[in-house]
1. Calculate what fraction, in whole %, of the accessible area of the stretch 219-325 sits on carbon and sulfur atoms when a 1.4 Å probe is rolled over the protein chains.
2. Enter the angle in degrees (range 0 to 90, nearest 10) between the Cα long axis of helix 294-311 and the first principal axis of the Cα atoms of the chain, meaning the one along which they spread out most.
3. If packing is taken as the average count of other Cβ atoms within 10 Å, what order do 297-309, 147-159 fall into, highest mean first?
4. Please compute one quarter of the surface area of the Cα convex hull for the stretch 1-79 and express it in square nanometres.
5. Rg(Cα) of the chain divided by 2.2 N^0.38 Å?
6. Using only the Cα atoms of the stretch 107-163, build the gyration tensor, take square roots of its eigenvalues as a ≥ b ≥ c, and label the shape rounded, prolate or oblate: rounded if a/c is under 1.5, else prolate if a/b is larger than b/c, else oblate.
7. So what is log10(I(q)/I(0)) for the stretch 119-268 at q = 0.15 1/Å, when the Debye sum runs over its Cα atoms only?
8. Give me the number: length gained by fully extending Leu194 to Arg272, i.e. 0.36 nm times residue separation minus the C-alpha to C-alpha distance, one decimal in nm.
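The values are calculated or read from the model by the stated rules, or taken from the named source; none is laboratory data. Keep in mind the model is a prediction, meaning the values are calculated, not measured. Cβ placement follows ideal geometry from the backbone for every residue including glycine, while neighbour counts extend to all protein chains displayed. To get the accessible areas, we keep the full protein, side chains included, count just its heavy atoms, and leave off ligands, DNA and RNA. Shrake-Rupley method; radii C 1.70, N 1.55, O 1.52, S 1.80 Å.
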Amino acid sequence: MLDKNFVRESLEYVRERLGARGGTYSLDELIAADAEWKSIILKSEELRRRRNEESEEIGKLKRAGNDTSAQQAKVKEISNEIKSLEEAAQAAEQRLNSLLHSIPNLPHSSVPVGADETANVEVRRWGKAPEFDFEPLDHVDLGSSLGILDMDRAAKITGARFSLLLRSGALMERALVNFMLDVHTKQHGYTEVLPPFMANSNSLFGTGNLPKFGQDLFKVEGTDYYLIPTAEVPVTNIYQNEILDEAELPKKFVAYTPCFRSEAGSYGKDVRGLIRQHQFNKVELVKFVAPSTSYDELESLTADAEDILQRLGLHYRVVTLSTGDMGFSSAKTYDLEVWLPSQGRFREISSCSNFEAFQARRANIRVRTKEGKKQLLHTLNGSGVAIGRTWLAILENYQQRDGSVVIPEALRPYMGGMEVIRREV
């Protein structure tokens, strides 16, 4: 979240940056709530000063053998007033925090200004789209014909927007997880972690998922546990309420987890196949870095995610998200978009973001500088990359006229040397 002191002292700048995002934000209401809270605090402090003075006077009168009943009644009255103000201050602070928690991060000055994805800016492309001398199939038809994807039985087991992978399909999913973890740990220097697949509300608040996006989460009834929407949530909260030494930074983690999203706001969109599922697998990259290096770290994190797609030979592009398309907690985001022949366009396969101090302030993650000063660090994360979307991209980009699928060379050692997926049943 934003620093309320910064909002108060730099109101017009905050207003301008939020204006670039679009939408309406309760800044005036926030400032009014902040002023009310400060006014109550000042009144409380003044009353405590008066109570101290009256108490000192009572002591003097008692030592002189005088009656203090009037002064004691006055102190009691002041104490009751202080109690009322404390309750009012607590209510005002809750209102202030509620407003503050609803305000998104400020976009970095390098982020293109625009209302939606049409204002996103392409940064670069890698590779070439495959050329076919036949009409390419989409991943659902390919997977079904090969006997490695069954959407109908998944719907019978659970419901719509779940998938069932079989045989070489299940093997390739597992192979992609292991391939990505190996590349990121052995080549890119990340530390592998296997976090809980559920998180409490405090952790989800820390990453900015709560309270704003509660409708997109699956909550375990009768508990404070939520199924995680991404490994970003548990991994970022590893250092919740902790202070790291600057010499330890950057800290780089990679985690494989299943992810669970209700996708409440996207009903009817991309419901066919694996593009938008309620449950999917992902390998996530998370960094804890010094503020002075966070944008360099964003570039390297994005390059690490790109390396996966390059090793798999998948044509993709990198775009900078516009102010109107970026996430609630992000200050700047690059999307990696992979080419899907069946759709004749690029589709998102990874988002790489710098949150600056936004998440660190919510989760209270700080760094102790060489000079001994304590300050908030910066957090970053990105998909390294989404497994299901990589799976479907391989099927579509490596399909052959006979319906078989060639396995990228980088993945073959993880699939027992298999070179081609053919129908097995």
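1. 45
2. It is inclined by approximately 20 degrees.
3. Final packing ranking: 297-309, 147-159.
4. 7.1
5. The reported ratio for this selection is 1.25.
6. Because a/c hits 1.5 or more and a/b fails to exceed b/c, the stretch 107-163 counts as oblate.
7. -1.15
8. Roughly 25.1 nm would be gained on extension.
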